[in-house]
Amino acid sequence: MFKPLPYGRQDISEEDIEAVVKVLKSDFLTQGPLVGQFEDAVAQYCGAKYSVAVNSATSALHIACLALGVKEGDWVWTTPITFVASANCAIYCGASVDFVDIDPLTYTISVEKLEEKLLLAKTTGKLPKVVIPVHLCGQSCDMEGIARLSHEYGFKVIEDASHAIGGKYKNLPIGNCQYSDITIFSFHPVKIITSGEGGIALTNNVEYCAHMQRLRSHGITRDPREMSHSPDGPWYYQQIELGFNYRMTDIQAALGLSQLKRLDEFVKRRQEIAKKYNELLFDLDLVIPFQNKETYSSFHLYVVRTNQDKRNSHKELVERLRSNGIMVNLHYIPIYHHPYYQVKGYNPKDFPESEMYYSQAISLPIYFGLKDEEIEYIVEKLKTPINFQTIF
Ligand SMILES: *Cc1c(COP(=O)(O)O)cnc(C)c1O
């Protein structure tokens, strides 16, 4: 028997550990030289000009919204099928959130639905200031379509690429911000690479970068050009707006830098695992992940869907797998189901694809250290209940 298999987990090497220990013996524990090195390395990997590392992707989303001017009275749109942080960031800024239903094939924000909703919002004067597409599972959204609409309707775009570092869109790394204003990544342990906790915002806009750097550290500037008068002396700094303590530590940056070296290897293995699942699940009554030819997914998640006619088997299948030590999960509960959002008055009927997805999706284990025999064990346990179901 195997010990319980999580849906995802980190892979920490001796080299990672040494990199962290080295920082502990150095002069800088919090934001020091390694944070800058990590920022440069991620920006270079992705082909973006600037980057701002912070203590989580949630913080990155918050300061990204602020840098794009999101405030009370504004609308921010995202997909319902994402982690709550993709929507909460707008509420932190006093803005309102609305959702756009998902594409039935890729489960990411539907560009057709987005266009329909924009047309309608134009007539009611409720166009969004920012749209936050989420690269669910690590597969890029249709960024070209979203960018086209952003130019037509004048909204800004933040890519929530928490799942997607190491992935590509049209043969270029996700994070290059060719089709967006800001892209954010998460380095939570369950994501592709980790810094313990951590996140980063990438942009090609020098002003957004400077603003996010300031917001990360209390709204304080040490740049005389940003001050209301020339510095009182060498000790001087000014708080020129309300910011936060969202700094990443050098301990985290050291781990992140060390993990970044293995990013391509991590994604390659995730791709292999996905391929193996695809092959083994081929003759099962399950929908395997659709891959858009223009994308190369980092496969943060491997999501299968149960057959439409056997809706009742979904929960039973999850329970069956879990009782066999396979800790499958569901990413995600549509955000408007959560009580905090429910009271804001969303109508689930407006999001039929998200509702259907929620009744069918299961995230199977996928992570660098998952062994081939474990994949075979998972598939074997998947087969039993499904064949069982088809008999009755
Ligand atoms: C993990 C995740 C976040 C939040 O990341 P943290 O680094 O934990 O704050 C935001 N959006 C999505 C889609 C995520 O998966």
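So for HIS151, HIS218, HIS300, fewest C-beta neighbours within 10 Å to most, what's the order? Numbers along the way, then the final one.
Values: HIS151 8, HIS218 16, HIS300 29.
By the 10 Å Cβ count, ascending, the order reads HIS151, HIS218, HIS300.
For helix 143-153, what angle does its Cα long axis make with the longest principal axis of the chain, in degrees from 0 to 90 and rounded to 10? The helix 143-153 is inclined about 50 degrees to the chain.
Mind checking the dipole of segment 197-283: about its Cα centre, +1 per Lys or Arg Cβ, -1 per Asp or Glu Cβ, Debye to the nearest 20? Can you show the working numbers first?
Numbers: 12 positive and 12 negative charges, 54 e Å.
The calculation lands at about 260 debye.
Note on the chain: GNM, Cα springs under 10 Å; of ALA253, ALA41, ALA121, the largest mean-square fluctuation is that of ALA121. The H on the amide N of GLY166, modeled in the peptide plane, is under 5 Å from the matching H of ILE174, each at least 5 residues off or on a different chain.
In the structure displayed, which of LYS49/LYS156; LYS191/LYS261; LYS276/LYS383; LYS22/LYS371; LYS49/LYS275; LYS191/LYS344 lie more than 25 Å apart, Cα to Cα?
Table pairs above 25 Å Cα-Cα are LYS22/LYS371; LYS49/LYS275; LYS191/LYS344.
Only helices enter this figure: runs of n ≥ 4 DSSP H residues, each worth -39500 (n - 2.57), summed and divided by the residues of the chain, yield -12000 deg cm²/dmol at 222 nm to the nearest 500. For segment 173-184, backbone phi angles converted through the Karplus equation (6.51, -1.76, 1.60; θ = phi - 60°) give residue-by-residue couplings of x, 4, x, 7, 6, 5, 10, 8, 8, 9, 10, 10 Hz, Gly and Pro being listed as x. The residue list HIS211, PRO189, LEU172 was ranked by how far each Cα lies along the charge dipole of segment 5-260 toward its positive end, using unit charges on Cβ atoms, and HIS211 comes out on top. The charge dipole of segment 60-188, taken about its Cα centre with unit charges on the Cβ of Lys, Arg, Asp and Glu (plus for the first two, minus for the last two), comes to roughly 200 debye. Across segment 219-236, coupling constants 3J(HN,Hα) worked out from phi with the 6.51/-1.76/1.60 Karplus curve, θ = phi - 60°, read x, 8, 10, 10, 8, x, 5, 8, 8, 6, 8, 5, x, 5, x, x, 7, 6 Hz, and Gly and Pro carry x.
In percent, what relative contact order does segment 309-378 have, based on Cα pairs under 8 Å that are 6 or more apart in sequence?
On the way: 40 pairs, mean separation 29.0, N = 70.
Across segment 309-378, relative contact order equals 41 percent.
Between 0 and 90 degrees, the angle of helix 263-280 with respect to the longest Cα principal axis of the chain falls at about 20 degrees. Spatially, segment 10-51 and segment 279-349 are offset by 34 Å when compared through their Cα centroids.
Rg and Dmax, both from the Cα atoms of segment 89-217 and both in Å, are 14.9, 46. Over the C-alpha trace of segment 263-383, radius of gyration and Dmax come out as 15.7, 47 angstrom.
When only Cα pairs below 8 angstrom with a gap of at least 6 residues are kept, the chain shows a relative contact order of 23 percent. For the chain, the longest principal axis of the Cα atoms and the long axis of helix 250-260 meet at an angle of about 50 degrees. Here the 3J(HN,Hα) profile of segment 85-95, calculated from phi with Karplus coefficients 6.51, -1.76 and 1.60 at θ = phi - 60°, is 4, 5, 9, 4, 4, 6, 5, 3, 8, x, 7 Hz, Gly and Pro shown as x.
Percent of Cα-Cα pairs more than 24 Å apart in segment 1-128, please.
Numbers: 4328 of 8128 pairs.
Beyond 24 Å sits 53 percent of the P(r) for segment 1-128.
The charge dipole of the chain, taken about the Cα centre with unit charges on the Cβ atoms of Lys, Arg (+1) and Asp, Glu (-1), comes to about 320 debye, rounded to the nearest 20. The fraction of all Cα pairs in the chain landing in successive 20 Å bins from 0 to the largest distance is 27, 56, 16, 1, 0, given as whole percents. Amide H to amide H, with H built 1.01 Å from N, GLN291 comes under 5 Å of no residue 5 or more places away or on another chain.
No lab work stands behind these numbers, since they all come straight from the coordinates. Quantities reported herein were computed from a predicted structural model and do not represent experimental measurements. No Cβ is skipped: glycine too gets one built from the backbone with ideal geometry, and neighbour counts run over all protein chains shown.
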